[in-house]
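The values are calculated or read from the model by the stated rules, or taken from the named source; none is laboratory data. As the structure is a computational prediction, the values presented were derived from the model and not from experiment. Every residue, glycine as well, gets a Cβ built from its backbone with ideal geometry; the counts of neighbours run over all protein chains shown. In case anyone asks, the SASA skips ligands and DNA or RNA and just uses the protein heavy atoms, side chains included. Shrake-Rupley method; radii C 1.70, N 1.55, O 1.52, S 1.80 Å.
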Amino acid sequence: MEKKVFKFITVDQLDKEQDFLHRMALEGWHFTKYKNLRYHFEEGKPANYIYRIDYKETLEDLDEYLTIFEDAGWEAIYSYPIFQGSWIYFRKLSTDETQPLEIFTDKDSMIGLLKKVRMQWTWFGTFMSFILLFILLSNVFTTKSLISGIPITICFLVILILYGKMFVNLTKKINHLEER
């Protein structure tokens, strides 16, 4: 049986997403894919799968990249293409609760991932903000009506707040890791 769960998790909340997938696996729902803000799960036996997510910027050496993870015992579950790269979801069965399983064994690798993600999404958010601002200003000057620009203004503010929040949260995580 398949189960679909609608859940909106932003890129600055990787830990939250990984924990969500882990909790679902403990309940016997195993992640298969992500599409249209919905997580797809297959029913199975409850298992202590630990999920980890990585963003791979270039896909040219994808086979070699996946082999490294497979050799370390990680199973690639799903690849979600975005921008020029892809989010790749991995899982591994945990047999020892006392030792956390991580795909990044050093803080510099994690800092590198967070900086890549911050840069990609900051550019995207800035680009979207400028497009909406241009549409808003065009609308104001062509219709001479501020009321018709309200939906565009709301979209602009939502994007500004959402991407601003992501930038701040990712920067805090990077600074926290750099201080350790």
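Pick out, from region 1-110, the strands (runs of 3 or more DSSP E) lying fully within it that include 3 or more residues that are in contact with a Ser or Thr (Cβ under 8 Å, 6 or more places away or on another chain), closer than 22 Å to F124 by Cα and in contact (Cβ under 8 Å) with a residue 60 or more places away in the chain.
Values: elements: 2-6, 29-35, 38-43, 49-56, 75-82, 85-93.
Answer list for region 1-110: none.
Determine whether Y89 is open to solvent by 50 Å² or more (accessible area, probe 1.4 Å) and under 26 Å from K165 (Cα atoms).
Details: open to solvent by 50 Å² or more (accessible area, probe 1.4 Å): no; under 26 Å from K165 (Cα atoms): yes.
So Y89 does not fit the description; no.
Out of L162, L177, L137, L132, report the one residue that is in a helix (DSSP H, G or I), in contact (Cβ under 8 Å) with a residue 24 or more places away in the chain, more than 17 Å from V117 (Cα to Cα) and of a type outside the set (F, W, Y).
L132
Can you tell which of L37, L26 is open to solvent by 60 Å² or more (accessible area, probe 1.4 Å), among the hydrophobic types (A, V, I, L, M, F, W, C) and touching a Pro at 6+ places or on another chain (Cβ under 7 Å)?
On the way: L37 fails: touching a Pro at 6+ places or on another chain (Cβ under 7 Å).
The match here is L26.
Are any residues in region 135-166 among the hydrophobic types (A, V, I, L, M, F, W, C), within 21 Å of the chain's Cα centre (by Cα) and crowded, with 17+ Cβ neighbours inside 10 Å, and if so, which ones?
Matches in region 135-166: I159, M166.
Does A25 meet the test of being under 16 Å from S94 (Cβ atoms) and at pLDDT below 95?
no
Looking at region 110-134, which of the residues that are more than 15 Å from the chain's Cα centre (by Cα) and open to solvent by 90 Å² or more (accessible area, probe 1.4 Å) is nearest to N175 (Cα to Cα)?
My answer is W123.
Which one is most open to solvent (accessible area, probe 1.4 Å), of the residues in region 40-64 that are within 16 Å of R91 (Cβ to Cβ) and hydroxyl-bearing (S, T, Y)?
That would be Y49.
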